[in-house]
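Visitor: Got a structure for you, questions after.
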Amino acid sequence: EVIVGSSRELVRALGGQVDVRPCFITEEEEAGLLRELEPGLKKKRYEFDHWDDAIHGYRETERVSWGPACEVVLNRVRSAAFAEGSPLLGPVHVLDLDKAGYIKPHIDSVKFCGSTIAGLSLLSDSVMRLVKEDNPNEWLDLLLTRRSLYILRDQARYDFTHEILKDEESVFSGQKVPRRRRISVICRNLPS
Ligand code: AKG
């Protein structure tokens with residue numbers, strides 16, 4: 001099980017809007033993505049000190065063009081997450097979280113991103129928590145294993161905050177999920 005929540009009803013109700021696919025990419029594909037991303041990321045420093053930021057302990061980049069092997073992987077992500085012809089945000093967002101880094105609860109800007117967020121997780125397992133914005137008793141935890149894909153859409157994207165738990169709090173269904181350095185590769189569509 002990779003999705004648990006405050007109630008069975010909520011898990012069922014949001015089922016069509018939250019998708020977690022373990023082992024979405026192979027070890028070779030992960031290595032290929034890292035080979036393309038590491039040189040650029042290594043030139044940046046992790047940011048820890050911006051207290052108003054949603055993200056703590058991160059560096060990030062955007063990438064428009066990829067080598068052929070990575071393009072194949074990204075096209076698989078796009079066809080899993082988006083309807084054919086749906087206009088996508090050109091650059092793919094790459095977020096590198098330090099082992100001590102985490103993402104605080106937030107809702108992505110409705111001005112800049114559309115109904116769907118799709119992310120690959122590289123290098124580490126993690127727990128993503130969704131919490132209903134107007135009722136914190138309603139929540140879902142997603143187990144994002146290394147090399148998995150998650151997709152959030154519609155209500156799950158607009159009405160729930162999402163966050164990536166810090167290592168000390170990284171527990172899924174009672175089981176510790178050690179959080180190491182994690183890189184996410186995130187595709188989004190444009191607002192309609
Ligand atoms: C965001 O960019 O809005 C995220 O929360 C990224 C989540 C992730 O790292 O997978």
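Visitor: Take the stretch 124-140 and flag every residue that is open to solvent by 10 Å² or more (accessible area, probe 1.4 Å) and either of a type in the set (D, E, K, R) or near the ligand (Cβ under 9 Å from one of its atoms) (or both). Explain how you work it out, then say what you get.
Guide: The first filter runs over the stretch 124-140 and keeps only residues open to solvent by 10 Å² or more (accessible area, probe 1.4 Å), leaving 125, 129, 131-139.
Passing the criteria: Asp125, Arg129, Lys132, Glu133, Asp134, Glu138.
Visitor: Against the definition (in contact with a Lys or Arg (Cβ under 7 Å, 6 or more places away or on another chain) and open to solvent by less than 50 Å² (accessible area, probe 1.4 Å)), how does Glu30 come out, yes or no? Give the steps one after another, and end with the answer.
Guide: Working: in contact with a Lys or Arg (Cβ under 7 Å, 6 or more places away or on another chain): yes; open to solvent by less than 50 Å² (accessible area, probe 1.4 Å): yes.
In short, yes.
Visitor: Also: Scanning the stretch 95-123 for residues that are within 18 Å of Arg179 (Cβ to Cβ) and hydrophobic (A, V, I, L, M, F, W, C), which turns out farthest from the ligand (Cβ to nearest atom)?
Guide: Ranking the qualifying residues of the stretch 95-123, first place goes to Ala100.
Visitor: Out of the residues in the stretch 148-192 that are away from the ligand (no atom under 15 Å from the Cβ) and polar (S, T, N, Q), state the one that is most open to solvent (accessible area, probe 1.4 Å).
Guide: So, considering only residues that are away from the ligand (no atom under 15 Å from the Cβ) and polar (S, T, N, Q), the one most open to solvent (accessible area, probe 1.4 Å) is Ser192.
Visitor: Can you name the strands (runs of 3 or more DSSP E) wholly within the stretch 136-192 that have at least 1 residues being out of contact with any helix residue (DSSP H, G or I) (no Cβ under 9 Å at 6 or more places or on another chain) and closer than 19 Å to Leu89 by Cα?
Guide: On the way: elements: 149-153, 160-164, 182-188.
So the answer is 149-153, 182-188.
The values are calculated or read from the model by the stated rules, or taken from the named source; none is laboratory data. Small disclaimer: the values here were computed from a predicted structure and weren't measured. Neighbour counts are summed over all protein chains in view; Cβ atoms, including those assigned to glycine, are modelled from backbone coordinates with ideal geometry. Note: areas computed on protein heavy atoms with side chains; ligands, DNA, RNA excluded. Shrake-Rupley method; radii C 1.70, N 1.55, O 1.52, S 1.80 Å.
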